[in-house]
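Just passing along the structure, written as structure tokens.
The values are calculated or read from the model by the stated rules, or taken from the named source; none is laboratory data. Predicted model only: the values in this text are computed from it and were never measured. Backbone-built Cβ (ideal geometry, glycine too); neighbour counts: all protein chains shown.
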Amino acid sequence: MNNYSERDLIIIGGGPAGLAAAISAYDTFKAAGIETPSILVLERDKVLGGILNQCIHNGFGLHTFKEELTGPEYAGRFIDRLKERNIEYLLETMVMDITKDREVTAMNRKQGMFTIKAKAIVLAMGCRERSRGALNIPGYRPAGIYSAGTAQRLVNIEGFMPGREVVILGSGDIGLIMARRMTLEGAKVKVVAELMPYSGGLKRNIVQCLNDFDIPLKLSHTVVDIKGKERVESVTIAQVDDKLKPIPGTEEEYTCDTLLLSCGLIPENELSNGAGIGMNPVTNGPKVNESMETDVPGIFACGNVLHVHDLVDYVSEEAGNAGAHAAMYCLNGDKAAAGDIINVTTANGVRYTVPTVIRPDMMGDALTIRFRVGNVYKNCYVDVFFDDERIIHRKRPVVAPGEMESVVIKKEMLEGKKIKELNIRLDLNEG
Amino acid sequence: MSEKINLTCIGCPLGCSIEVIKNGDEIESITGYTCKRGHDYAQTEVLAPVRTVTSTVRVKGGVNPVVAVKTRDPIPKSKIADCMKEIYDITVDAPVAIGDVLCNNIADTGVELVASANDQEL
């Protein structure tokens with residue numbers, strides 16, 4: 001198997017999504033009687049596990065394993081499963097290009113540059129953090145400005161502290177987690193500023209990472225200035241109005257040597273764009289159908305490259321689905337291409353769904369549709385309409401942008417019906 | 001002497017504001033919760049709050065200079081600072097594997113400190 005010219009299935013990325021996709025694809029091939037499934041995982045880092053390796057806090061795996069694990073432990077369980085199955089993987093291997101015809105060009109130090117033909121591909125490249133450049137923060141450009149994830153890597157893997165006095169912009173979960181981590185390591189976290197009037201992080205993290213250590217969270221605040229020539233010397237934050245514009249006169253200057261940015265994650269889709277895959281402008285990830293297949297036949301997507309998740313358990317579940325369908329594609333080809341198609345659409349408070357297309361012939365007994373809402377709503381209903389008919393009307397005490405929602409569509413609900421559109425929306429009028 | 005404690009429930013995204021009136025070790029009242037989980041959370045959080053501590057310890061001769069660790073079970077919240085002080089003084093030799101016990105009784109809590117990641121020998 002050392003000849004890298006052809007494989008049935010290539011998985012790009014060996015993080016939580018890639019691992020779960022590979023394992024479930026392997027099991028699908030085996031169940032179909034394939035003795036040695038031809039699967040290759042390509043990972044650019046030195047180790048498998050992706051971002052979980054630096055997420056040393058606990059709280060992972062409550063859904064999957066019914067216990068609280070740390071990131072490396074959660075990854076470790078999937079890496080063990082991959083190795084038990086002898087699934088082939090290459091480390092320190094960077095994928096340069098993929099084509100519509102499923103040719104993958106990659107390079108590493110041993111093999112140099114090489115091109116592999118695949119019957120199917122699973123995209124599992126994950127996401128990256130929004131950078132200072134993308135945020136357009138004014139001020140000087142000294143050392144000491146890090147993304148929260150970079151700081152997390154420095155502290156938890158490389159073993160050194162990026163600073164002693166810290167201001168954090170953005171209250172995403174990584175920012176909150178790093179506020180606690182830096183505090184435990186002896187740094188002083190002076191304030192966490194959040195542009196929006198609500199935090200994008202989980203409640204649990206606000207309480208256990210900020211409140212436990214008396215770190216103030218300033219909602220509707222943003223950074224308006226950074227001072228310091230060689231190194232950050234101070235950061236000025238100001239309150240913003242309802243159009244998110246800073247309000248003059250509300251500026252407060254914090255002396256500090258470090259600014260951490262935790263302002264959102266962007267799916268990493270350069271490879272997908274190169275292959276001409278259709279993208280969803282809301283998620284910045286590929287549009288997929290019920291099988292997690294993109295609009296390029298035989299190319300599937302899962303995990304944070306598809307849409308940014310807050311719980312890794314859902315990544316594993318979604319990736320398992322993608323891997324199984326990719327294996328089925330290798331075995332059967334694209335059988336359902338001519339079948340019925342239902343478009344999944346959104347309205348009233350629902351920002352996006354994954355998937356956006358359902359082919360009833362291809363779905364299993366039940367399909368989980370994941371979605372996010374655009375604001376915090378209390379006492380609302382999640383409604384699912386099949387064309388004009390309301391099928392699901394489920395009460396939710398609260399929904400928030402930071403917590404992914406889902407509805408389950410059972411195959412029997414669709415049977416005997418000719419549906420063109422499945423619409424998911426919030427009903428805010430009752431309750 | 002009664003004491004008023006304000007909490008945010010972590011049970012769900014609703015994040016109810018809960019007010020607990022406490023007199024010594026006696027809870028006099030809990031208000032503001034909207035479900036049983038909220039009530040139970042407030043009770044534990046006021047009488048005996050616990051946290052799992054995760055951090056890193058130095059590794060000698062490993063691929064990485066540090067390895068992730070955690071308390072095997074949650075420890076009293078009041079012991080977090082002592083726990084971190086002891087963690088700071090621990091250095092282990094590579095290799096380290098997930099589950100290795102690095103300290104039997106961290107900060108006198110009776111709880112083990114275990115490795116939560118692997119580090120190979122360099």
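Scan segment A:195-222 residue by residue and report those that are aliphatic (A, V, I, L, M) and in a helix (DSSP H, G or I).
Filtering segment A:195-222 down to residues aliphatic (A, V, I, L, M) leaves A:195-196, A:202, A:206-207, A:210, A:215, A:217, A:219.
If the condition is that a residue be aliphatic (A, V, I, L, M) and in a helix (DSSP H, G or I), then A:I206, A:V207, A:L210 are the ones that fit.
While we're looking at this one, here's another question. List every residue pair whose Cβ atoms lie under 7 Å apart, where the two residues are 6 or more positions apart in sequence or sit on different chains, the first residue falls within segment A:138-159 and is over 26 Å from B:I90 (Cα atoms), and the second residue, located anywhere, is assigned to a helix (DSSP H, G or I) and charged (D, E, K, R).
A:I145/A:R132
Consider segment A:199-221. How many of its residues are surrounded by fewer than 18 Cβ atoms within 10 Å (Cβ to Cβ) and more than 10 Å from every other protein chain (Cβ to nearest Cβ)?
Pass one, segment A:199-221, residues surrounded by fewer than 18 Cβ atoms within 10 Å (Cβ to Cβ): A:211-214, A:216, A:218-219.
Restricting the remaining residues to those that are more than 10 Å from every other protein chain (Cβ to nearest Cβ) gives A:214, A:216, A:218-219.
Summing the residues that are surrounded by fewer than 18 Cβ atoms within 10 Å (Cβ to Cβ) and more than 10 Å from every other protein chain (Cβ to nearest Cβ) in segment A:199-221 gives 4.
A further question follows. Just checking, which of A:G170, A:G149 is touching a Cys at 6+ places or on another chain (Cβ under 6 Å) and more than 13 Å from chain B (Cβ to nearest Cβ)? Give the steps one after another, and end with the answer.
Details: A:G149 fails: touching a Cys at 6+ places or on another chain (Cβ under 6 Å).
Exactly one residue qualifies, and that residue is A:G170.
A follow-up question, please. Within segment A:184-191, is there a residue that is closer than 19 Å to A:S131 by Cβ, touching a residue at least 60 places away in the same chain (Cβ under 8 Å) and assigned to a strand (DSSP E or B)?
Residues of segment A:184-191 that are closer than 19 Å to A:S131 by Cβ, as a first pass: none.
Within segment A:184-191, none of the residues are closer than 19 Å to A:S131 by Cβ, touching a residue at least 60 places away in the same chain (Cβ under 8 Å) and assigned to a strand (DSSP E or B).
Run A:G298 past the list (1) over 23 Å from A:G76 (Cα atoms); (2) touching a helix residue (DSSP H, G or I) at 6+ places or on another chain (Cβ under 7 Å); (3) crowded, with 21+ Cβ neighbours inside 10 Å and report the number of the one that doesn't hold.
Every listed condition holds for A:G298 apart from (3).
Looking at A:L82, A:L52, A:L62 in this structure, which one is crowded, with 20+ Cβ neighbours inside 10 Å, within 14 Å of chain B (Cβ to nearest Cβ) and either assigned to a helix (DSSP H, G or I) or in contact (Cβ under 8 Å) with a residue 24 or more places away in the chain (or both)?
Working: A:L82 fails: within 14 Å of chain B (Cβ to nearest Cβ); A:L62 fails: crowded, with 20+ Cβ neighbours inside 10 Å.
So the residue among A:L82, A:L52, A:L62 that is crowded, with 20+ Cβ neighbours inside 10 Å, within 14 Å of chain B (Cβ to nearest Cβ) and either assigned to a helix (DSSP H, G or I) or in contact (Cβ under 8 Å) with a residue 24 or more places away in the chain (or both) is A:L52.
Among the strands (runs of 3 or more DSSP E) contained in segment A:85-168, which hold 3 or more residues that are in contact with a Lys or Arg (Cβ under 7 Å, 6 or more places away or on another chain) and at negative phi?
A:112-123
Would you mention how many residues in segment B:51-79 are of a type in the set (A, V, I, L, M, F, W, C) and surrounded by fewer than 17 Cβ atoms within 10 Å (Cβ to Cβ)?
Quick first cut of segment B:51-79, residues of a type in the set (A, V, I, L, M, F, W, C) only: B:53, B:57, B:59, B:63, B:66-69, B:75.
If we keep only those that are surrounded by fewer than 17 Cβ atoms within 10 Å (Cβ to Cβ) as well, we get B:63.
Number of matching residues: 1.
Could you look through segment B:98-122, keep only residues that are within 13 Å of chain A (Cβ to nearest Cβ) and free of Cβ contacts under 8 Å to residues at least 24 places away in the same chain, and pick out the one that is surrounded by the most Cβ atoms within 10 Å (Cβ to Cβ)?
If we take residues in segment B:98-122 being within 13 Å of chain A (Cβ to nearest Cβ) and free of Cβ contacts under 8 Å to residues at least 24 places away in the same chain, then B:I98 is surrounded by the most Cβ atoms within 10 Å (Cβ to Cβ).
Could I ask something else about it? Filter segment B:50-66 down to residues that are within 22 Å of B:D119 (Cα to Cα) and within 9 Å of chain A (Cβ to nearest Cβ), then give me how many there are.
Let us first name the residues in segment B:50-66 that are within 22 Å of B:D119 (Cα to Cα), namely B:52-66.
Filter once more, keeping what is within 9 Å of chain A (Cβ to nearest Cβ): B:52-56, B:58-59, B:63-66.
Summing the residues that are within 22 Å of B:D119 (Cα to Cα) and within 9 Å of chain A (Cβ to nearest Cβ) in segment B:50-66 gives 11.
While we're on this one: Do we have any residue at all in segment B:9-16 that's more than 12 Å from chain A (Cβ to nearest Cβ) and farther than 28 Å from A:L52 by Cβ?
Residues of segment B:9-16 more than 12 Å from chain A (Cβ to nearest Cβ): none.
No, because not a single residue in segment B:9-16 is more than 12 Å from chain A (Cβ to nearest Cβ) and farther than 28 Å from A:L52 by Cβ.
Follow-up. Check whether at least one residue in segment A:181-191 is surrounded by 18 or more Cβ atoms within 10 Å (Cβ to Cβ), in contact with a Lys or Arg (Cβ under 7 Å, 6 or more places away or on another chain) and modelled with pLDDT of 90 or more, and report yes or no.
Scanning segment A:181-191, I find at least one residue that is surrounded by 18 or more Cβ atoms within 10 Å (Cβ to Cβ), in contact with a Lys or Arg (Cβ under 7 Å, 6 or more places away or on another chain) and modelled with pLDDT of 90 or more, so the answer is yes.
What's the number of the condition A:L259 fails, among (1) in a strand (DSSP E or B); (2) in contact with a Ser or Thr (Cβ under 9 Å, 6 or more places away or on another chain)?
Condition (2) is where A:L259 drops out.
Continuing with this model, one more query. Residues that are in contact with an Asp or Glu (Cβ under 8 Å, 6 or more places away or on another chain) and surrounded by fewer than 20 Cβ atoms within 10 Å (Cβ to Cβ): find the strands (runs of 3 or more DSSP E) completely inside segment A:340-392 holding 1 or more of those.
Working: elements: A:342-347, A:350-354, A:366-373, A:377-386.
Qualifying strands (runs of 3 or more DSSP E): A:342-347, A:366-373, A:377-386.
Sort through A:E73, A:E92 and tell me the only one that's more than 11 Å from chain B (Cβ to nearest Cβ) and either surrounded by fewer than 22 Cβ atoms within 10 Å (Cβ to Cβ) or closer than 17 Å to B:N118 by Cα (or both). First the steps, then the outcome.
Details: A:E73 fails: more than 11 Å from chain B (Cβ to nearest Cβ).
Matching residue, one of A:E73, A:E92: A:E92.
Residues of segment B:38-49 being surrounded by fewer than 17 Cβ atoms within 10 Å (Cβ to Cβ) and within 12 Å of chain A (Cβ to nearest Cβ), which ones?
Selection gives B:P49 alone.
Would you mention how many residues in segment A:18-33 are within 18 Å of the chain's Cα centre (by Cα) and farther than 14 Å from A:R81 by Cβ? Walk me through how you get there before you give the answer.
Within segment A:18-33, the first condition is being within 18 Å of the chain's Cα centre (by Cα), and the residues that meet it are A:18-22.
Adding the requirement that they be farther than 14 Å from A:R81 by Cβ leaves none.
Result for segment A:18-33: 0.
Considering only segment A:399-421, state which residues are away from chain B (no Cβ under 14 Å), buried (at least 18 other Cβ atoms within 10 Å of the Cβ) and part of a strand (DSSP E or B).
A:V407, A:I409, listed by residue number.
Let me spell it out: the conditions are (1) in contact (Cβ under 8 Å) with a residue 12 or more places away in the chain; (2) away from chain B (no Cβ under 14 Å); (3) out of contact with any Cys (no Cβ under 6 Å at 6 or more places or on another chain); (4) farther than 22 Å from A:G285 by Cβ, and A:L428 meets all of them except one. Which number is the exception?
(3)
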